[in-house]
Amino acid sequence: MAWPHAPARWVIAPGLYMVTAGTYGKAHFLNPPARRDFFQERLFAGARESGWELQAWAILSNHYHFVGQSGDNPDALRVMINKLHMTTAKHFNLWDDQPGSRVWYQYWDTQLTFPRSYLARLNYVHNNPSKHGVAANAADYPWCSAAWFAENATAAVRATVASFSTEALNVPDDF
C-alpha cells in the first residue's frame with residue numbers, strides 16, 4: 001500500500017477558507033520579483049476560473065497564504081491549487097533550466113467557521129509581509145492585499161480586522 005505524499009483533501013462545504021502553501025525545501029522559487037508578479041496573476045486567474053473570491057493574500061519568496069470564499073463547488077479549490085502549482089512550477093523550472101524539479105511542497109487548507117477566526121486570519125494574511133520582515137508596512141508590499149484592503153474596506157471594517165490578535169493562531173508559517 002502506497003502512503004500518499006500529502007494529506008487527503010476534505011473540502012466539502014462551501015464557505016470561507018484559509019490556504020497556506022510552501023515551496024519545496026523552503027527554497028525561494030518566487031524570487032526575483034517578476035516571479036511573484038507571475039504567481040499573483042496566476043493565483044487571481046485561477047480564483048476567477050474556479051469561482052473563488054479572494055479576500056486576503058500574501059505572496060512571499062517561498063510561501064503564500066490566502067483567505068477566500070468558495071463558490072458553490074468547494075472542491076474547485078483542489079483543482080485550482082493543483083493547476084496553480086503545476087503551471088507555476090513548469091514556468092519556474094523552465095526559467096531555471098531545471099526541468100522536472102520539485103517546486104511546491106504541499107498546501108494546507110482550513111475552513112473558517114467562526115467570525116473571530118476569520119477576522120484574525122484576515123489580519124494575519126494582510127500583515128504577513130511585515131511578520132516576515134520583508135516590508136515595514138504590509139501596505140507597501142506589492143504582493144499582498146493590505147493596500148487593496150485599506151483602499152476598499154470601510155474604516156470600521158479595517159479597525160475591526162486590526163483589532164483581532166493573531167498570536168494564538170495555528171498557521172503553518174515557519175518559512
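The values are calculated or read from the model by the stated rules, or taken from the named source; none is laboratory data. Computed from a predicted model, the values in this text were never measured in an experiment. Please note: Cβ atoms are built from the backbone with ideal geometry, for glycine as well, and neighbour counts cover all protein chains shown.
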Query raised in the report: Only one residue in 74, 172, 129, 99 is of a type outside the set (Lys, Arg) and modelled with pLDDT of 95 or more, so which one is that?
Result: 129
Query raised in the report: Among all residue pairs at least 6 apart or on different chains, which show Cβ distances below 9 Å where the first residue, located in the stretch 126-146, is farther than 13 Å from residue 30 by Cβ and the second is surrounded by fewer than 22 Cβ atoms within 10 Å (Cβ to Cβ) and basic (Lys, Arg)?
Result: 138/131
Report summary line: Being among the hydroxyl-bearing types (Ser, Thr, Tyr) and modelled with pLDDT of 95 or more narrows 88, 166 down to just 88
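Residues checked against (1) of a type in the set (Phe, Trp, Tyr); (2) modelled with pLDDT of 95 or more; (3) out of contact with any Ser or Thr (no Cβ under 9 Å at 6 or more places or on another chain):
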| position | (1), (2), (3) |
| --- | --- |
| 5 | no, no, yes |
| 13 | no, no, no |
| 25 | no, yes, yes |
| 29 | yes, yes, no |
| 40 | no, yes, yes |
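Yes or no, residue by residue, for (1) at negative phi; (2) surrounded by 19 or more Cβ atoms within 10 Å (Cβ to Cβ); (3) free of Cβ contacts under 8 Å to residues at least 24 places away in the same chain:
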position: 66; (1), (2), (3): yes, yes, no
position: 72; (1), (2), (3): yes, no, no
position: 77; (1), (2), (3): yes, yes, no
position: 82; (1), (2), (3): yes, no, yes
position: 94; (1), (2), (3): yes, no, yes
position: 100; (1), (2), (3): no, no, yes
position: 107; (1), (2), (3): yes, yes, no
position: 111; (1), (2), (3): yes, no, no
Query raised in the report: Within the stretch 145-164, can you find the residues that are surrounded by 12 or more Cβ atoms within 10 Å (Cβ to Cβ) and assigned to a loop (DSSP other than H, G, I, E, B)?
Result: 145, 153, 164
Query raised in the report: Any idea how many residues of the stretch 165-175 are under 27 Å from residue 34 (Cβ atoms) and exposed (fewer than 10 other Cβ atoms within 10 Å of the Cβ)?
Result: 1
Query - Subset tally (residues that are aromatic (Phe, Trp, Tyr) and either within 17 Å of residue 131 (Cβ to Cβ) or not in a helix (DSSP H, G or I) (or both)) for the stretch 10-42 - result: 3
**Report entry** Those residues of the stretch 23-52 which are buried (at least 19 other Cβ atoms within 10 Å of the Cβ) and farther than 13 Å from residue 88 by Cβ, in sequence order
**Finding:** 47, 50, 52
Query - Members of the stretch 94-138 that are within 21 Å of residue 148 (Cβ to Cβ) and of a type in the set (Phe, Trp, Tyr) - result: 118, 124
Report summary line: Flagged in the stretch 12-50 as at positive phi and among the charged types (D, E, K, R), in numbering order, are 26
